[in-house]
Amino acid sequence: MQQPTWWMNAKIYELYVDKFAEDFKGLTEKLDYFTHLGINTLHILPHYTSPMVDDGYDVSDYRTIRPELGTMDDFRAFADAAHKRGIRIIIDFVLNHVSEKHEWFVEARSSKQSRTRDFFIWSPTGRELADAPNPFRDFKASNWIWNEATGDYYYATFYPQQPDLNWGNPIVFAEMVDIMDFWVAAGTDGFRLDAVPLLFEQEETSSVGLPATHSIIAALRQHLDNNYGGRIVLLAEVVVPAAEAVEYFGDGRECQMVYHFQLAAEMFLSMMRHDRSQLDTVVQETFSMLPTGAQWATFLRNHDDLNLGMIKKNDRYELIQFLDPEGKYLFNKGCGVSVRLGTIFQNAPERIVEAHELLYSLPGAPILYYGDEIGMQNLPGSSFTDTRRYVRGPFDWNTAESMRADQQSTLNRIARLIHDHHGVR
């Protein structure tokens, strides 16, 4: 029987199914690799049917798998095989927006009288919500996107092809809860809540982390706890300092896990300066904030940019010079940088191990981004406007297998760190 607080000691590996193993059958065959590493939890990046405008974060059908990844039966077989090895599955739940190809939006944009019109947010002028963030300023001037068929604008926080859902509509809530139940029945142990602070918009506010958003998260948590005995975890993507991110634990009523984005930047600062005193202070302060049964998810890198918006401007500029001296991989007007550990430390590969020694020396539930354990670098070339795509290359199995046979390899040294890590201090 699963322990209700299994996430307190989660050791997570984050991956794209296709980039790592081609499909779910291939991923099932690779489960030995995670056992070798000491991983007990997998975070599966978006696997749903999608036009892939945003690498799967534009979902066109939440109840199916992209055909190239296999079938629902393949997913169920994968989850069952993982569970037999003591490995749990967290899937990405993209709940802020859908793809423009989703049947809800195809219908909604066709007519103002459509059944799903109120599943989305519309404006006759495109001037409302002026204080809301536009995280994709590199790609679009405004969050309001013109819709020719109905002669008005729809709201899209991210890519124009990703219309935001209207979580003020109770039917949207009911539909999304039903989708969560579907995936729990298929073998899922938890959900990463993508861009969760942005669920609810309100005029004359920042539309970030509003009380209505916290009410939605709490209602999702209550549904899962009531129906599954508290064993299903919610992991919040909240790109703000820890003092604000802690609100998404909701004193134990919202998410059981929240990403510690601030800590990631602090770890790189400490490596740049060869001084972890500031990092240790942040750890001491922020882990004391945790309510009972809650845990920070800690990480060095992930599939997105490394967000530097939570550190001082001077520190940010200094750190960019350390991480990306040529400025090739800047994201969101320089508020972040998309760069893999293997690229940062290509001239000092020993520091890849050092970085993981730092990560696994800290409390929390540490996340290993696929390929970092073998020193994978950014994809070559300079063709990506969205620089995050540089860190999403195919896993190098030749290197991995070679390293696995060498006890002193980067992979095996990191594996020993993972096996020895205990999240709860």
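Tabulated data for the structure shown
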quantity	calculated
Expected 222 nm ellipticity per residue - DSSP helices of 4 or more, -39500 (n - 2.57), all of the chain, to 500	-9500 deg cm²/dmol
Whole-number D in µm²/s for the range 62-116 (Stokes-Einstein; Kirkwood sum over Cα pairs; 10 °C, 1.306 mPa s)	114
Directionally averaged shadow of the chain, computed from the convex hull of its alpha-carbon atoms, nm²	19.6
Calculated from backbone phi, Karplus (6.51, -1.76, 1.60) coupling profile of the range 324-338 in Hz, x at Gly/Pro	8, x, 8, x, 7, 10, 5, 9, 6, 6, x, 7, x, 9, 9
Ala297 long-range amide H proximity, modeled H, under 5 Å	Val258, Tyr259, His260, Ala365
Cα-based Lys proximity count in the chain, under 19 Å, for pairs eight or more positions apart or on separate chains	9
Isotropically averaged projected area of the range 92-251, using the convex hull of Cα atoms (one quarter of hull area), nm²	9.9
Part-to-part distance (alpha-carbon centres) for the range 149-223 and the range 381-425, which is given in Å	32
Low-density loop cleavage sites - GluC sites (Glu not before Pro) in the range 70-157, where at most 15 other Cβ are within 10 Å (DSSP)	Glu148
Mean separation of Cα contacts under 8 Å, 6 or more apart, over the residue count of the chain: relative contact order %	16
Pairwise label distance in nanometres, Asp118 with Ser206, each label 7 Å out on the Cα-Cβ vector	3.0
Protein accessible area in the chain, 1.4 Å probe - carbon and sulfur %	49
The range 363-370 - phi-based ³J(HN,Hα) in whole Hz, Karplus 6.51/-1.76/1.60, Gly and Pro as x	x, x, 9, x, 10, 9, 7, 3
Orientation-averaged projected area, Cα convex hull of the range 61-153 (nm²)	8.9
Low-density loop positions, trypsin sites (Lys or Arg not before Pro), the range 199-297 - DSSP coil, at most 15 other Cβ in 10 Å	Arg253
Inter-label distance, nm, simple model (7 Å from Cα along the C-beta direction), Asp251/Ala218	0.8
Amide H contacts under 5 Å for Asp152, placed H, 5+ residues apart	Asn147
Packing-based ranking, highest mean first, of 377-383, 293-299 given that Cβ atoms within 10 Å are counted	293-299, 377-383
Per-pair calculated FRET efficiency, R0 = 60 Å: Asn226 and Ser383 via Cβ, rounded to 0.05	0.80
Distance in nm between pseudo-label sites at Asn314 and Ala77 (7 Å out along the Cβ direction from Cα)	6.0
Förster-model FRET efficiency, 35 Å R0, Glu354 and Lys101, C-beta, rounded to 0.05	0.20
FRET efficiency estimate (nearest 0.05) - Cβ-Cβ, Thr292 to Asp406, R0 35 angstrom	0.25
Filtered GluC sites (Glu not before Pro), the range 159-225: DSSP coil and at most 10 other beta carbons within 10 Å	Glu203, Glu204
The range 289-361: C-alpha gyration tensor shape, a/c 1.5 cut-off, then a/b vs b/c	oblate
Rounded to 10°, Cα long-axis angle of helix 410-420 versus longest principal axis of the chain	80
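The values are calculated or read from the model by the stated rules, or taken from the named source; none is laboratory data. Since the structure is predicted, the reported quantities are computational estimates derived from the model, not experimental observations. For neighbour counting, all protein chains shown are included, and Cβ atoms are generated from backbone atoms with ideal geometry for every residue, glycine included. All accessible areas refer to the heavy atoms of the entire protein, side chains included, with ligands and DNA or RNA removed. Shrake-Rupley method; radii C 1.70, N 1.55, O 1.52, S 1.80 Å.
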